[in-house]
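Just below is one structure, and these are the notes that go with it.
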């Protein structure tokens, strides 16, 4: 049973990696068109099916990180972003803060403040208590 | 901490976070302490008062339960030995008051009932129990009886909500009204709800028993319709701190209490979609002006204040302006008046601030459509 699961997981991982590659190209083109919010939305989309696969996670983080760092107007971004993305964005903000990289942390902390204003503590708690669907 | 249970409008029983239960009576506009129930060795964390048979059951960290009977002017305790190796955490009388359920830290639920043969002996153990074991993976945080007196819902720190049959031969009559639930065996797991990824607390049934609500420590509340083979579940995420306990005031409205100090109202619309409606009690400042509406606001004000001056004062101000009735986490909500009625007008809440508050839904005009 465990073996079968592992096989499905690996198969999945390849498919996800291909999707992440597609995403990367789409995001790059959106950023060139000066659409950073659209790029972030694209990056956060379809993350419901987060796998346990560490390679997928880190590949996806690179994509999200690229879009996150391109955000200049945080308020504008949040007003355009649908509330359904708030929880997943919060997860990536904490991932960013955990990197310890100075520019990344600065940017994540800036967004974190504004996001907490909008989404409340509930959003932070949903991140902290979710130990299964980590990003 | 106060665990409370108000039996009528003039009597209240609560535990002031020690091994005693205090009973207060309202006489001439003043609350007077009339009884102190002293028998437990450790903190009492569950009290329930049966309204018809006028008995109090308590559950404590000392791993025992007592059933208290008013004989004359004295509350006489009867020990219920549960043989637990962990604390008893929650307790509730069944609707017919012939059974009660004790949830424990030993990952078990004890269903206790009165053995009629023992009645005339006045022996030490008048209550005997049956165990629901090997079903929970962690402590049982809350128990709730279905109105049919058979089904019991539990929440646990393993994040799951479960519904069991507690049919006991000789105690529960085979009843055609209860439907298929009376055909089930004792301890049978009817359903396991796997909606929360974190600790689950505070489960309750709606007055009809058609809907189940419970909360997770991830600031989510879960509503489950058609509890059975194909349940319909809804998750509602809200923006503030997690809830600890819930109460149905009608089929379509739920009050949630918890770490956010103000009771939250949730209601179902015509299509049965549940959503957050508003807070109960004064909270005018929060909706418009304040950004961080909770007891952590001051700490957060300081945290953000390092980068921005002015926010600090703002946040302190907002916590004062909140003007909530409770000043700390609310950990218990109890209906007032006759049990089993389909409509609850009044309820009481108690919290870590040591307060017991009575709420009245009568003067909430905008909510009349849900009641």
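Computed from the Cβ-Cβ distance with R0 of 51 Å, the FRET efficiency linking residue B:230 to residue A:94 stands at 0.90. Overall, the anisotropy analysis places region B:1-194 in the prolate class: the square-rooted eigenvalues a ≥ b ≥ c of its C-alpha gyration tensor yield a/c not less than 1.5, with a/b exceeding b/c. Between residue B:33 and residue B:85, the contour length at 0.36 nm per residue exceeds the Cα-Cα span by 15.4 nm. Computed extension length for residue A:106-residue A:131: 6.5 nm, one decimal, from 0.36 nm per residue of separation with the Cα-Cα distance subtracted. In terms of Cα atoms, the Rg and Dmax of region B:152-273 work out to 15.0, 48 Å. Calculated [222 nm] ellipticity per residue, helices only, for chain A: -26000 deg cm²/dmol; basis is -39500 (n - 2.57) per DSSP H run with n ≥ 4, divided by all residues, nearest 500. With the simple spin-label model, which puts each label point 7 Å out from Cα in the Cβ direction, the residue B:174 to residue B:42 separation comes to 4.3 nm.
How much FRET efficiency would the formula 1/(1 + (r/R0)^6) give for residue A:12 and residue A:117, where r is the Cβ-Cβ distance and R0 is 35 Å, rounded to 0.05? FRET efficiency, residue A:12 to residue A:117: 0.45.
Along the Cα→Cβ direction, 7 angstrom out, place labels at residue A:26 and residue B:365. What is the inter-label distance in nm? According to this spin-label approximation, the distance is 5.0 nm. How would chain A be classified by its alpha-carbon gyration tensor: rounded, prolate or oblate, with rounded meaning a/c under 1.5 and the a/b versus b/c comparison settling the rest? Note, shape of chain A comes out oblate.
Distance between the modelled labels on residue B:25 and residue B:270, one decimal in nanometres: 5.1 nm (7 Å Cα→Cβ projection).
Here residue B:71 and residue B:183 are evaluated by their C-beta separation; at R0 = 41 Å the FRET efficiency comes out at 0.55.
Quick note: the coordinates plus some simple rules give every number you see, no bench work behind them. Quick caveat: nothing in here was measured; it's all calculated off a predicted structure. Every residue, glycine as well, gets a Cβ built from its backbone with ideal geometry; the counts of neighbours run over all protein chains shown.
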